[in-house]
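Written out below as structure tokens is the structure these notes cover.
What follows is calculated from the coordinates using simple rules that are stated; it is not laboratory data. Given the structure is predicted, the values throughout are model-derived calculations rather than measurements. Here the Cβ positions follow ideal geometry from the backbone for every residue, glycine too, while neighbour counts run over all protein chains shown.
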Amino acid sequence: MTKWLLVSAAIAVLLMALSFGLGGREEAALAVVGSNSVQPFAEMLAEAYQQAHPGRFVDVQGGGSTVGLQATIDGIAEIGMCSRELKKEEEALFRQVMIARDGLAIVVHPSNPVSDLAVEEVRRMFTGDVANWRAVGGEDRPIRLVVREESSGTREAFMKMVMGKARVSRKAISQDSNGAIKELVKQDACAIGFMSLGLVTSELKAVRIEGVPATAANVLAGRYPLVRPFLFVTRGPADERAEHFIDFVLSPEGQAVLEREGLVRAR
Amino acid sequence: MRKEKVIAGVLAALALTAISALAVIASFIFKEGLPIIAKVGLAEFIFSGNWHPLDGEFGILPMIVGSLAVTAGAMVIGVVFGLGCAVLLTQFCPPRIVSVIKPSIELLAGIPSVVYGFMGVAILVPLIREHLGGPGLSVLASSVVLGVMVLPTVTSISVDALQAVPRAYFEGSVALGATVWQTTHMVTLRAARSGIVAAVILGMGRAVGETMAVIMVAGNTLDLPHSILDPVRTLTSNIALEMGYAAGDHRKALFATAVVLLAIIMVLNSIALAVSRRLPAGRQAGRAAKAAAR
């Protein structure tokens, strides 16, 4: 009997300790949730922020732009991350802060001789009307489209800036992260995909769009045509911890972190 | 005596929790999914190939075909290799070697599916692309990855079923002059048949339901596959890929996808069960084997 009492007492103490521990952490951490494209940059910002301000905690989670917006509405996140412009009906719901701008890179295999495409050509490739690289000045190979999944922020930005009303071909391969797109395109000489310019590495080739090289400098100068905002959105009464973090992100220090990682400063 | 009753009560409550979890999940999926099927129309939902959820077009035919194709491929690979392995282990191998090999195969079941997926993307997909053509992400790649994933299930349950066949069957057959192989395929395998069918059903369940590894190697296109080198999207991938973003009717349509998935799994299981019941030979022994395998 006493043995049972002891065991249950120990379990109770453990549970209490656990709940206090979790509760304490939760109160201090600022939840930043949303776009998978913004996530890696937000994590670096959070790291720099926590170093600069000991005692403040930022918890960054992915899930997607739409998830971020929903989490902000539900009060699960103090800040939502969004990698596309807000839609009309969303604008009324949030206060938005542009933390950076990002070029949308059209990427191909490094060995692909095609290095310059017009927006119109990109659209006709992704609708499936143009199905061979020869038609855009490349070798005689089929074009393999790699896209992001339905309603990812990156995909929606691509749809808006490139596709307009046109639909992406059914043959397009869908992947659920920038990393997976990169993995496929760097392996496959026939592939073409789109991703955040900040995440393009030397394993891929970002083609020139309308003759303009996809570089941060050209995004900043407004010459590169495919540019989208990275947004932080908040809702309701201002939250001191959220404001403090956003101020840090917009400060020269925070913006320097983003520029170092290949994004373009907001202002 | 009172203690006895209390324990029985607690155990009953625990058992009911598992069943009620099933009931809650099923009713939730149906509650969320059925309205959109009613709105779109069952025939349209199942037989249309147009999946444009943001424009209100919900047709999941390519995903149904994808799931079936990938599962069929996985079962071909899983059953051929798994059953072969089980026969070798039970009929042609000294017990000491079995005691090493069987646990090693069962270890495969402990590897997380994302690791299988990663191996598929890093090794298998480039191999297929270079040597067989196509994008590499394909029915074939998914089938191979899933086939390896169901191997431990199929092997281990088949081994149990084969081991449960009474020794007397084997001895009787050999005494009549049959070789070991003749005994295996004419007597032992037949006697263990329903246990082996159970192994296949469980393996199939895992193959239909696997998500992570399939998302990574199947390509997730919305087109109907025309060959095993074409990429496909399965029902599970469709749900997992889009659930994070979906809202409104799109979200409901993903639940409806789950309803169809549930229905497919139930149909597959019933077919497999019915087939195993209708097999005439070795019925009694099969039952004994199945009981022993449990």
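Let me test this: with uniform point scatterers at the alpha carbons of the protein assembly as shown, what is the Debye-based log₁₀ I(q)/I(0) at q = 0.05, 0.06, 0.08 1/Å? Taking Cα atoms of the protein assembly as shown as identical point scatterers yields -0.28, -0.40, -0.69.
Computed from Cα atoms, the angle from the helix A:178-187 axis to the main principal axis of chain A rounds to 40 degrees.
Here's the list of lysines a cross-link from A:Lys160 could span, going by alpha-carbon distance under 21 Å and ignoring same-chain residues fewer than 8 apart: A:Lys87, A:Lys88, A:Lys171. Among B:Met1, A:Met98, the ranking by other beta carbons within 10 Å of each residue's beta carbon, starting with the fewest, stands as B:Met1, A:Met98.
Per-residue mean of foreign Cβ neighbours for A:183-193 is 3 (Cβ atoms of other chains, 10 Å radius).
For the protein assembly as shown, a crude dipole built from +1 on the beta carbon of Lys and Arg and -1 on the beta carbon of Asp and Glu, taken about the Cα centre, is about 2080 debye to the nearest 20.
The C-alpha atoms of chain A define a longest principal axis, and helix A:240-250 lies at about 30 degrees to it. Here the Karplus curve 6.51 cos²θ - 1.76 cosθ + 1.60, taken at θ = phi - 60°, turns the phi angles of region B:81-91 into couplings of 6, x, 5, x, 5, 5, 5, 4, 5, 8, 9 Hz, with x standing for Gly and Pro.
Rounded to the nearest 5, what is the percent of antiparallel bridges among the DSSP beta bridges in the protein assembly as shown?
60 percent
Report, in whole Å, the centroid distance computed from the Cα atoms of region A:203-267 and region A:70-111. Centre-to-centre (Cα) distance: 11 Å.
In region A:103-220, the DSSP beta bridges split such that about 55 percent are antiparallel, to the nearest 5. For region B:33-293, the C-alpha radius of gyration sits at 1.15 times the compact-globule guess of 2.2 N^0.38 Å, with N the residue count. In this simple spin-label model, placing a label point 7 Å from the Cα along the Cα-to-Cβ direction at both A:Asp74 and A:Asp129 gives a separation of 4.1 nm. The fewest-to-most ranking of A:Glu78, A:Glu91 by surrounding Cβ atoms within 10 Å reads A:Glu91, A:Glu78.
Per DSSP H run of n ≥ 4, the term is -39500 (n - 2.57); total these for chain B, divide by its residue number, and report the mean residue ellipticity at 222 nm rounded to 500 deg cm²/dmol.
The per-residue figure over chain B is -24000 deg cm²/dmol.
For chain A, what ratio Rg/Rh do Cα atoms give with a Kirkwood hydrodynamic radius?
That ratio equals 1.10.
Once the Cα atoms are used to define both axes, helix B:2-40 deviates from the longest principal axis of chain B by about 40 degrees.
By the helix-only formula, in which each DSSP H run with n ≥ 4 contributes -39500 (n - 2.57) and the sum is divided by residues, chain A has a 222 nm mean residue ellipticity of -11500 deg cm²/dmol.
In debye to the nearest 20, how big a dipole does chain B give about its Cα centre with +1 on each Lys and Arg Cβ and -1 on each Asp and Glu Cβ?
Taking the Cα centre of chain B as origin, the dipole is about 1440 debye.
Residue order for A:Leu199, B:Leu14, fewest other beta carbons within 10 angstrom first, comes to B:Leu14, A:Leu199.
What translational diffusion coefficient, to the nearest whole µm²/s, does region A:26-114 have by Stokes-Einstein, given a Kirkwood radius computed over alpha-carbon pairs, a temperature of 4 °C and 1.567 mPa s viscosity? The calculation lands on 89 µm²/s. Divide the volume of the convex hull around the Cα atoms of region A:105-180 by the residue count and you get 94 Å³ per residue. Both the radius of gyration and Dmax for region B:114-215 are 18.7, 55 Å, in that order, over alpha-carbon atoms. Peptide packing: for B:152-159, B:255-262, B:163-170, B:100-107, the average count of neighbouring Cβ atoms within 10 Å per residue gives the ranking B:152-159, B:255-262, B:163-170, B:100-107, highest mean first. Relative to the Cα centre, the charge distribution of region B:92-242, modelled as +1 at Lys and Arg Cβ and -1 at Asp and Glu Cβ, gives a dipole magnitude of about 440 debye.
Find the eigenvalues of the gyration tensor of the Cα atoms of region A:124-267, then list the square roots of 5 times those eigenvalues as equivalent ellipsoid semi-axes, largest first, in whole angstrom.
32, 17, 14
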